[in-house]
Structures are given as C-alpha cells and as structure tokens.
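Report on the following structure.
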Amino acid sequence: NSGVMSLLRPLLLDVVPTIQQTAALALGRLANYNDDLAEAVVKGDILPQLMCSLSEQNRFYKKAAAFVLRAVGKHSPQLAQAIVQCGALEMLVIYMEDFDPGVKEAASWALGYIARHNSELSQAVVDAGAVPLLVLCIQEPEIALKRIAASTLSDISKHSPELAQTVVDAGAIAHLAQMILNPDAKLKRQVLSALSQIAKHSVDLAELVVEAEIFPVVLTCLKDSDEYVKKNGATLIREIAKHTPELSQLIVNAGGVAAVIDCIGSCRGTVRLPGIMMLGYVAAHSENLSMAVIVSKGIPPLCTCLIEECEDHIKAAAAWALGQVGRHTPEHARAVAVANVLPTLLAMYMDTRSSEDLQMKASIFTKKALKSILQKCTHLPALEPLLHDAPPNIMKHIVGQFSKVLPHDSKARRLFVTTGGLKKVQEIKAEPGSLLQEYINTINNCYPEEIVR
C-alpha cells in the first residue's frame, strides 16, 4: 500500500550486489505472501527487470531471483504463465547447470511450482529442457537438492501419460527406485510420490516402475515411522494394483496385501485411504485375488475403518472395498457378512446427518457395496437382523436372498420361523406385482398356510 514495490524495482539494477540481492529477496517474500502481491510483481513489470539484471550475477543473487520466480509462480496458472512468457524458464534451466547446489535447488523449486499447475505449463518446463537436468540433480550428493528435484519430477509426471513418459525416457525410474531405502524421510516421500505419479497413468508405465525392482523394497516404507512415507508408499502400490490382475497378483506374491493390511491397522485418518483403496482394487480384479485379501485377514481392518473413522470419504472407501471383496461368490459374501459388516453398512446408508455432498457420494458407494454383497450372500443369520431396519430399495435384495435359499434348506426354514423372520416378512408392505411381492410369495409358498397366517 505504501508503494514499496515501485521503490524496490530500480534497486534490482543497483551497482552494489548486496542491494540487488536484498531487493530481490524482499520482492520474493512479498510475492510469496499472497496472490494479490504476486500479481502486483507481474503488473509492476518487475520480472523483465529481474531478467535484465541476471546476466553476470553471483550465486546469492541467482538464488534470490529464482525465489522471486517461485513465489510468483506458485499461486495460480495465470501467474505461472506470466513467468513463462517473460522467458524465465530458459534462465532457470541455465541455473540447473550452475556449479552451486543451492542455485540448482532454487531453480528446481521454481520449475516445480510452475509445472504443478497444469499440463500446458508442465509441457513448457519439459520443452525448456529441464527433465534431463532434474534427473542429474537426483544423483547429486546434497539431500535437499535430491528432494526438490524428485518433487519437481513428480509435479511434471502427474498431468498426463506423455509427460510421465518424458520423465521415464530421461532415465528417472532407476535412480528414483534406488532411493526408496534412503534414510531421509522427506526424500523418501518425494521419491515414492514421483514413482506413483508415473505409475498411475497406464499399464506400460506401471510395468516399467515394477521392473525397476521396487518390490519387496517398497513394502518397508509401509512400516516407516513417517506418516507421509507410509501414505505415499501405499499410494504407489495402489497405483500399480489398479491396472491389471497380473500386476495385482505380483503384489500379492511379494507379500504386498499383508503389508498393506498391517499398515491400515497401524495408522489412522487419511494415511489409511490409499491402503483401503488398494485392497478394493486388488479384490475387484478376480475371485482369487479377492480371496487373497480375505485369507490375509483384510476384512477386520476394513470394518474397523467403517466404525472408527469420522470422515465420510474414508468410510465410503472402506465400504467400496468391502463391496469389492464380497461381490464375487456366496463364499466371498459370507466372509464379509460373518464379520458383521452388513448392519454397519446399512446404518451408514441410512445416516443422513453427515455433510450433503459427501453424504451423496458415501451413500452411493455404500448402497452399491450393500447390494453387491447382498446379491451373493446366502448366509442367512447375517441377513436376518437387516429385515427389521432396511428401507424398501435394500429390503428387496435381502428378501430376494431368503427366497433363493429357503426353498432348498429345511433347517433354515425352521429357524426362519422361530427367530421371527417369517413374521417380519408378513409385515412388509409390497406393491402388488412388484419384484419384492414375488419374493415374499416364494417364501410364503415354502410354508403351510396356517403357519403363514
């Protein structure tokens, strides 16, 4: 408000180097504060001035200048675009070849903040020639430089298969895979994130990541003391598992399912989410893979997530995963039903207290999970409690399962009378001619008329 920006601008061309540096740092800190101030830097024509003063500068000024570019570029795609337009990418790429690691780090950081917004900006960073230099930076001895370079590779890879392929073609996977066991937690986070962003796009890219022999090494990350290393490790496994049954089978063979189940059991909150999703993806592929999740005792921790977690999206993910486990055969459904999941799912589905938007999504996932398990479940003791609470759209699936099993099972028929199930069925109001009414008739036909009466 006091017009400081216009006072700082000429100081970027001052004859005294320390004044130039300090002016750049001040501008960087102002721009870093919020997007309005960053916009003021762009509108005040400070970027061209910054570029003018860069040719013969020392490393301190280079770091300060890269900091200004990062501070402006981080806020929005429009501001990042302004940096690209003033020709700053070429200069940042030249900085990547500087002998001083601090300058390389500052330049990598600025490039990452530009690339993270969208695929066009990311492509601009690639076209400027940054990727091979970033791959060289992850091989440097300085940990801070490795971290930022890995993070920038992650930001470039995330937008599209083509951008990820560019990173792969520069030979990044092998160097990233070697760092999975690095003792530095912050570096591990970035390395796992970069590998996830590459693997998520396609089967081919996921296979390239797997071929770098990340299994079973990556499973140690699930036991890490750092929550984000755990989360990013589980995310990487999830991004590989989702593609094909073969990749999921490979993870199962490496002990990945058991490791993820342990990980879900040992943490709380959003750290659990990628692990929950990964189990759902594995189980969705085939009966055998779903059975691998059941045999590895995956159902109890998923049930725990349904009960313990407060956030709707984590509950919805756990419901979805249980639905994927239970939807294959009566045996799969029984494994889920015996864990007493169905009443919890039903209560979740009927709970309308939670937030509107998430409630909608959670409700859809929960309903799907309930239906897919119910349509396969022939374990009647697990179904019976639901007869008392279920809404009509779920009720028809429950009654439908009774109508399939009771005609062929005399023991179940007797139990159904003594537990009050048959009585409950008589109380259901069904539309004449509806599917539900047909199911009720089928059940009633299993018994003599006086019992039904």
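Exactly one condition in (1) more than 22 Å from residue 326 (Cβ to Cβ); (2) surrounded by fewer than 24 Cβ atoms within 10 Å (Cβ to Cβ) is not met by residue 191; state its number.
(2)
Yes/no matrix, rows are residues, columns are (1) open to solvent by less than 10 Å² (accessible area, probe 1.4 Å); (2) at pLDDT 95 or above; (3) more than 17 Å from residue 325 (Cβ to Cβ):
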position	(1), (2), (3)
266	no, no, yes
276	yes, yes, no
289	yes, yes, no
292	no, yes, no
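Which condition from (1) more than 21 Å from residue 131 (Cα to Cα); (2) in a helix (DSSP H, G or I) is the one that residue 109 breaks?
Condition (1) is where residue 109 drops out.
Please find, among 33, 113, 95, 61, the residue that is without any contact (Cβ under 8 Å) to a residue 12 or more places away in the chain and hydroxyl-bearing (Ser, Thr, Tyr).
It is 33.
Looking only at segment 55-78, filter to residues that are surrounded by fewer than 17 Cβ atoms within 10 Å (Cβ to Cβ) and touching a helix residue (DSSP H, G or I) at 6+ places or on another chain (Cβ under 7 Å); which one of those is modelled with the lowest pLDDT?
The selected residue is 58.
Within segment 159-188, can you find the residues that are of a type in the set (Ser, Thr, Tyr) and open to solvent by 30 Å² or more (accessible area, probe 1.4 Å)?
166
Quick check, is residue 385 closer than 25 Å to residue 317 by Cα, touching a Pro at 6+ places or on another chain (Cβ under 9 Å) and surrounded by fewer than 21 Cβ atoms within 10 Å (Cβ to Cβ)?
Yes; evaluated as a whole, the condition is true for this residue.
Hey, can you tell me all the residues within segment 122-132 that are out of contact with any His (no Cβ under 9 Å at 6 or more places or on another chain) and assigned to a helix (DSSP H, G or I)?
124, 125, 126, 127, 130, 131, 132
Any idea which residue in segment 249-260 is nearest to residue 225 (Cα to Cα), counting only those that are assigned to a helix (DSSP H, G or I) and open to solvent by 10 Å² or more (accessible area, probe 1.4 Å)?
Ranking the candidates gives 259 first.
What number of residues within segment 1-40 satisfy the criterion of being assigned to a helix (DSSP H, G or I), among the hydrophobic types (A, V, I, L, M, F, W, C) and open to solvent by 30 Å² or more (accessible area, probe 1.4 Å)?
Counting residues in segment 1-40 that are assigned to a helix (DSSP H, G or I), among the hydrophobic types (A, V, I, L, M, F, W, C) and open to solvent by 30 Å² or more (accessible area, probe 1.4 Å) gives 10.
The values are calculated or read from the model by the stated rules, or taken from the named source; none is laboratory data. Just so it is clear, the model here is predicted, and its values are computed rather than measured. Every residue, glycine as well, gets a Cβ built from its backbone with ideal geometry; the counts of neighbours run over all protein chains shown. To get the accessible areas, we keep the full protein, side chains included, count just its heavy atoms, and leave off ligands, DNA and RNA. Shrake-Rupley method; radii C 1.70, N 1.55, O 1.52, S 1.80 Å.
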